[in-house]
Amino acid sequence: MGGFAFIGAGAVVIDDVPDYALMVGNPAKIKVWMCQCGIQLHFNEDKATCEACGSKYQNTGSKVREVGVFSVHEAASEIVA
Ligand SMILES: [Zn+2]
């Protein structure tokens, strides 16, 4: 099980759970990806930045990995864009 996996109430997990995945249902499926701080990530193509803590993530298809934290400057330009 992933170090930062989230399991929804009633979910029956039969497979390994990737990091940052929120699993729901029976059998459990990945519903959304969650930041390690517990906020849902919204991916733009394969990249997401947590709205709460600024952590950056990359979606590689079946997995999501953290790729660092935006600097304040980068975060500001992201909001403007
Ligand atoms: Zn976060």
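The values are calculated or read from the model by the stated rules, or taken from the named source; none is laboratory data. Quick caveat, the model's predicted, so the values are computed rather than measured. All Cβ positions, even for glycine, are placed from backbone atoms using ideal geometry, and neighbour counts span all protein chains on display.
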Notebook entry, point to check: What about Glu74, is it among the charged types (D, E, K, R), more than 10 Å from the chain's Cα centre (by Cα), modelled with pLDDT under 85 and at negative phi?
Noted result: yes
Note to self: Among the residues that make up the stretch 27-46, is at least one of them among the hydrophobic types (A, V, I, L, M, F, W, C) and modelled with pLDDT under 90?
What the structure shows: yes
Checklist line | Any pair with Cβ under 7 angstrom, 6 or more apart, that starts in the stretch 49-68 at a residue that is under 12 Å from Phe4 (Cβ atoms) and β-branched (Val, Ile, Thr) and ends at one that is more than 15 Å from the ligand (Cβ to nearest atom) and outside any strand (DSSP E or B) | finding: Val64/Pro18
Next item on the list: Output the residues belonging to the stretch 37-50 that are exposed (fewer than 15 other Cβ atoms within 10 Å of the Cβ) and near the ligand (Cβ under 10 Å from one of its atoms).
Entry: Cys37, Gly38, Ile39
